Amino acid sequence: MAHILIIDDERSIRNVLKDILGNEGFKVDEASDGEEGLQKFKQNSYDLILCDIKMPKLDGLEFLDAVVAANSETPVIMISGHGNIETAVDAVKKGAYDYISKPPDLNRLLITIRNALDKTNLVKETKVLKRKVSKVQEIIGNSDAIKKIKETIDKVAPTDARVLITGENGTGKELVARWLHEKSLRNAGPIVEVNCAAIPSELIESELFGHEKGSFTSAIKQRVGKFEQANGGTLFLDEIGDMSLSAQAKVLRALQEGKITRVGGDKEINVDVRVVAATNKDLLKEVEEKQFRLDLYHRLGVILIHVPSLNQRLDDIPELVEKFLIDIAADYGQSPKAIDKKAIEALQAHSWSGNIRELRNVVERLIILSGKTIQADDVKNYVLP
């Protein structure tokens, strides 16, 4: 249900418009002058605004200027008397969606409102889609650890050196891998991700190297594996510490020889792949416990990049929160909420076991449950146990 604000100093006009729009299923607020309308605009999120031009205290053009200055995407339809048509045209040039003459033609009014709402929805959907298909998100932060990671990526990415990324769950290891690919000479090729922890051990070899038809019971057709899919690009082996020992042996051979063999096949296939791996485990400890091959560890770890936990980079929280406020608001088709300085301090005092992923979820929760500005009490009520 669209939420519409009517601003007009004539009560009769407001009443007529409110009744008509209410019958059409819209939620309607009203204001008797531009000053009251601006106050409601700042306090609430509206899908559309109908605004008279000639009003006391703050006229329609001044109200429009305030909406435009706020970078709001809310469409404003100006309502003008016959003597104000030129002014209404000027308002459209300044950013109003359209204008309606008084007394309003109700059919034209409803058509204009629906067109404005449709356009707004399309703009919001387009922005969300653009964000979803954009290549790589930015690495946010200016702490010493993040600066070092960015510098390492810049040095290592143009080479074909294999990289092992370590760090706790939710710290952003995948983002580092994607930037290594994006800044590499292989960025025109694919980056193919394999979550080794999510694939059953009996299927990991088929997933990585593919299989021939009939090689096992459910192999009803030939399958191309991830190594072949990533040919000419980057293969990202996430949670490599959870890979079975038998699959580790085959990955080691592929790295040594640049060749793979599909499960159930005998033909060697050349592959040109850069491998980037990531894990939240201590692989040297896994080696001691005979759960990970030492030779594979050395093959993968030509370059080591450790991504710190969020608790080790608390100074980056204000910048991360600001980024999440903008991104999540864009996903919801809303204007970003403000956050109080004390609320930021409360977030910095929190222990982040889930790291960046947890912080993003918390910001989304605060956007949904808090008021216009996120306060320290909101953090206390909705974040802290």
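Read-outs: derived from the displayed coordinates by stated rules, not from any lab. Owing to the predicted nature of the structure, the values given are computational and were not obtained by experimental measurement. Note that each Cβ is placed from the backbone with ideal geometry, even for glycine, and that neighbours are counted across all protein chains shown.
Pick out, in residue order, every one of the GluC sites (Glu not before Pro) in the stretch 184-283 that is DSSP loop and has at most 15 other C-beta atoms within 10 Å; say none if there are none.
E202
Would you please give the residues with an amide H less than 5 Å from that of K102, counting only those at least 5 places away or on a separate chain, with H modeled from the backbone geometry?
S80, G81, H82
Tally Lys and Arg at +1 and Asp and Glu at -1 over the other residues with C-beta under 11 Å from the C-beta of N115: what net charge comes out?
Neighbourhood net charge equals +1.
Taking the Cα centre of the chain as origin, work out the dipole magnitude from +1 charges on Lys and Arg Cβ and -1 charges on Asp and Glu Cβ, in debye rounded to 20.
Value, rounded to 20: 1080 debye.
What is the calculated FRET efficiency for A376 to K323, with r their C-beta to C-beta distance and R₀ = 22 Å, to the nearest 0.05?
So, using R0 = 22 Å, E works out to roughly 0.60.
Give the distance, in whole Å, between the Cα centre of the stretch 92-114 and the Cα centre of the stretch 301-321.
Taking the Cα centre of the stretch 301-321 as reference, the centre of the stretch 92-114 is 51 Å away.
For a quick check: sort K267, K226 by the number of other beta carbons within 10 angstrom, fewest at the front.
Starting with the residue having the fewest Cβ neighbours, the order is K267, K226.
Helix by helix through the chain, keep the DSSP H runs that span 20 Å or more along the axis on Cα and average at least 0.5 on Kyte-Doolittle, and give those back in order.
Helices passing the filter in the chain: 317-332.
Quote the relative contact order of the chain in percent (integer), defining contacts as alpha-carbon pairs under 8 Å separated by 6+ residues.
After rounding, I find 14 percent.
Measure out, as a whole number of angstrom, how far apart the alpha-carbon centroids of the stretch 345-379 and the stretch 16-89 sit.
Rounded to whole Å, the Cα centres lie 33 Å apart.
So for the stretch 188-269, if I pair up every lysine 8 or more residues apart or on another chain, how many of those pairs have alpha-carbons under 19 Å apart?
10
Which far-off residues, 5 or more places away or on another chain, put their amide H under 5 Å from the one on H306, with H placed in the peptide plane?
Answer set, sorted by chain and number: T166.
Taking amide H atoms as placed 1.01 Å from N in the peptide plane, list the residues 5 or more away in sequence, or in a different chain, whose amide H sits under 5 Å from that of V263.
The answer is G210, H211, E212.
Quick check on packing: order 213-221, 15-23 by the mean number of other C-beta atoms within 10 Å, highest mean leading.
So the order, starting with the most tightly packed, is 15-23, 213-221.
Within a 10 angstrom radius of the beta carbon, how do K337, K281 rank from fewest other beta carbons to most?
K281, K337
As an exercise, use a Förster radius of 25 Å and the Cβ-Cβ distance of S45 and N142 to find the FRET efficiency, rounded to the nearest 0.05.
The value I calculate is 0.20.
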